[in-house]
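The values are calculated or read from the model by the stated rules, or taken from the named source; none is laboratory data. All figures in this text were calculated on a predicted structure; none of them were measured in a lab. All Cβ positions, even for glycine, are placed from backbone atoms using ideal geometry, and neighbour counts span all protein chains on display.
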Amino acid sequence: MKHIVFYSGGIGSWATAKRVIKEHGNENTILLFTDTLIEDTDLYRFIDETVKEMDVKFVRIEDGRTPWEVFKDVRYLGNSRLAQCSHILKQKTSEKWLKDNFKPEECILYLGIDWTEEHRTKAPRKHWHPYHVEFPMCKEPYVTKDEMLKELENLGIEQPRLYKMGFSHNNCGGFCVRAGQGHFANLLKQMPDLYKYHENKEEEMRKFLKKDVSILRRTRNGKRFNLTLKQLREELESNQTENVDMNDIGGCGCFVNFDKKINFI
């Protein structure tokens, strides 16, 4: 039996891997990393150091496209309601690797959801069926994200730099179409050049689709309106922040949010 951890490069998947290895041994554990090709450079440093410390088999796979290339191919700009980048680059790519290498009875899958997100475990169990999925960080001892980061640093491994910049996850280089206004405001503050890159890509998609589309939305008087990254940047740069919801962080959910049912068999 092999124990396969979806290794995102985040602290939750790292803590999950540590528990799986402790229970089942590093010789029976595989860390599976699905690369979106827009990851932060420090994510690869983090993966290299942690894989070396755990002395475990590591597998890197990719679709070969970036999220922006996927959006163009499917002719749809991803957002919090529908993120085909997650489905194609993460879920579908992992599905193929699993089907090519293991039958459902030959492995167990592990996700880094912790006890504060236990309500999110139902969808992965359903959608990865007939593969069995477990969530070690939902079990005792219950630990916080800060405690996970402290444990990492006790091993002499520096935490991913995106956490230090105030991002809630270490995926897609600080970018995520499921993220909210507050997340993108932080991206503009921390990495303005990268923000401008994604802003330009969004503008390209608007022209390509010839539609008024955007990643973000804004609600006023019960009605929802498009909010482009260009508009958000202009408001932030002019200090017109009264309509910017800084608490709207959103979050990465590539292996827990499913926009389309995955058929394994």
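Structure notes:
- Per this entry, residue 169 is not counted among residues that are assigned to a helix (DSSP H, G or I) and in contact (Cβ under 8 Å) with a residue 60 or more places away in the chain.
- Residue match in region 108-130 (condition: assigned to a helix (DSSP H, G or I), hydrophobic (A, V, I, L, M, F, W, C) and surrounded by fewer than 18 Cβ atoms within 10 Å (Cβ to Cβ)): yes
- Single residue of region 181-199 satisfying the filter (of a type in the set (A, V, I, L, M, F, W, C) and more than 26 Å from residue 48 (Cα to Cα)) that is surrounded by the fewest Cβ atoms within 10 Å (Cβ to Cβ): 188
- Filtered residues of region 73-107 (kept if of a type outside the set (A, V, I, L, M), in contact with a Leu (Cβ under 8 Å, 6 or more places away or on another chain) and surrounded by 21 or more Cβ atoms within 10 Å (Cβ to Cβ)): 94
- When region 140-193 is filtered for residues that are of a type in the set (Lys, Arg) and under 25 Å from residue 90 (Cβ atoms), the ones remaining, listed by number, are 145, 161, 164, 178.
- Region 247-265, residues that are surrounded by 12 or more Cβ atoms within 10 Å (Cβ to Cβ) and either among the β-branched types (Val, Ile, Thr) or at pLDDT 80 or above (or both): 249, 256, 262
- Within region 64-109, the set of residues being over 25 Å from residue 19 (Cα atoms) and of a type in the set (A, V, I, L, M) comprises 70, 74, 77, 82, 83, 88, 89.
- For region 185-193, the count of residues that are in a loop (DSSP other than H, G, I, E, B) and at pLDDT below 95 is zero.
- Test for residue 178: is it crowded, with 18+ Cβ neighbours inside 10 Å and of a type in the set (D, E, K, R): yes
- Per-region count, region 216-243, residues crowded, with 19+ Cβ neighbours inside 10 Å and either in contact with an Asp or Glu (Cβ under 6 Å, 6 or more places away or on another chain) or modelled with pLDDT under 80 (or both): 1
- Filtering region 70-86 to residues that are in contact (Cβ under 8 Å) with a residue 60 or more places away in the chain, farther than 19 Å from residue 180 by Cα and not in a loop (DSSP other than H, G, I, E, B) leaves only 72.
- Number of positions in region 108-155 that are among the acidic types (Asp, Glu) and either outside the structural domain of residue 17 (by TED's automatic domain parsing) or in contact with a Leu (Cβ under 8 Å, 6 or more places away or on another chain) (or both): 1
- Residue 104 vs. criteria in the same structural domain as residue 50 (by TED's automatic domain parsing), within 29 Å of residue 232 (Cβ to Cβ) and touching a Phe, Trp or Tyr at 6+ places or on another chain (Cβ under 8 Å): no
- Checked against (1) under 22 Å from residue 37 (Cα atoms); (2) touching a strand residue (DSSP E or B) at 6+ places or on another chain (Cβ under 7 Å); (3) among the charged types (D, E, K, R), residue 212 passes all but a single condition, namely (1).
- Within region 131-162, the residues that satisfy the criterion of being surrounded by fewer than 18 Cβ atoms within 10 Å (Cβ to Cβ) and under 17 Å from the mean Cα position of the chain (by Cα) are 145, 159, 161.
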